[in-house]
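Peer 1: Sharing a structure with you now.
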Amino acid sequence: MSFGGGLVREPADLDGKIGEELDVNQEPLGIRCAQPTPSGRFAELVRLAHTDSGERVVVLADEYDKPIPDNITDPETASTPFHLILHAQSPQRRQGKAPPAGDSPLYCQGR
């Protein structure tokens, strides 16, 4: 997933960018997610990718901190913990489980 293109001025923009990246990543896997929210689609994509392949799923997020420099002139928005928004999208977090020690919050092992 790449967050390098476009501007992210507020959390709703981040939801849109996540949605775009989910769409882009479903196609090559032959997966079509039905969940309506970005967090639900993310969890579904990881789960289905694991189910279809039988392999662990690793999510790489390029420029996940880009919203910070995008908003450098607006200190209130720039200080929004965008990484926590991404972190909250982790299926493990949504299930109340922490990722294994030392793993990035965006590392998701399919279950």
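Peer 1: Can you tell which of Q26, Q35 is surrounded by fewer than 17 Cβ atoms within 10 Å (Cβ to Cβ), without any contact (Cβ under 8 Å) to a residue 24 or more places away in the chain and over 11 Å from the mean Cα position of the chain (by Cα)?
Peer 2: Criteria check complete, one pass: Q35.
Peer 1: So K66 fits all but one of (1) in contact with a helix residue (DSSP H, G or I) (Cβ under 8 Å, 6 or more places away or on another chain); (2) surrounded by 13 or more Cβ atoms within 10 Å (Cβ to Cβ); (3) among the charged types (D, E, K, R); (4) at pLDDT 70 or above; what number is the exception?
Peer 2: Result: K66 fails condition (1) only.
Peer 1: I want to confirm something. Restricting to the stretch 1-21 and keeping residues that are over 18 Å from D74 (Cβ atoms) and in contact with a Pro (Cβ under 7 Å, 6 or more places away or on another chain), which single residue is surrounded by the fewest Cβ atoms within 10 Å (Cβ to Cβ)?
Peer 2: Here the residue is G19.
Peer 1: Out of T73, T80, report the one residue that is part of a loop (DSSP other than H, G, I, E, B), over 13 Å from I18 (Cα atoms), more than 18 Å from the chain's Cα centre (by Cα) and modelled with pLDDT of 55 or more.
Peer 2: The conditions single out T73.
Peer 1: If only one of I85, I31 is modelled with pLDDT under 90 and either in contact with a helix residue (DSSP H, G or I) (Cβ under 7 Å, 6 or more places away or on another chain) or in a helix (DSSP H, G or I) (or both), which one is it?
Peer 2: I85
Peer 1: Among the residues of the stretch 46-57, are any farther than 18 Å from N71 by Cα, of a type in the set (D, E) and part of a loop (DSSP other than H, G, I, E, B)?
Peer 2: Yes, the stretch 46-57 has at least one match.
The values are calculated or read from the model by the stated rules, or taken from the named source; none is laboratory data. Owing to the predicted nature of the structure, the values given are computational and were not obtained by experimental measurement. Backbone-built Cβ (ideal geometry, glycine too); neighbour counts: all protein chains shown.
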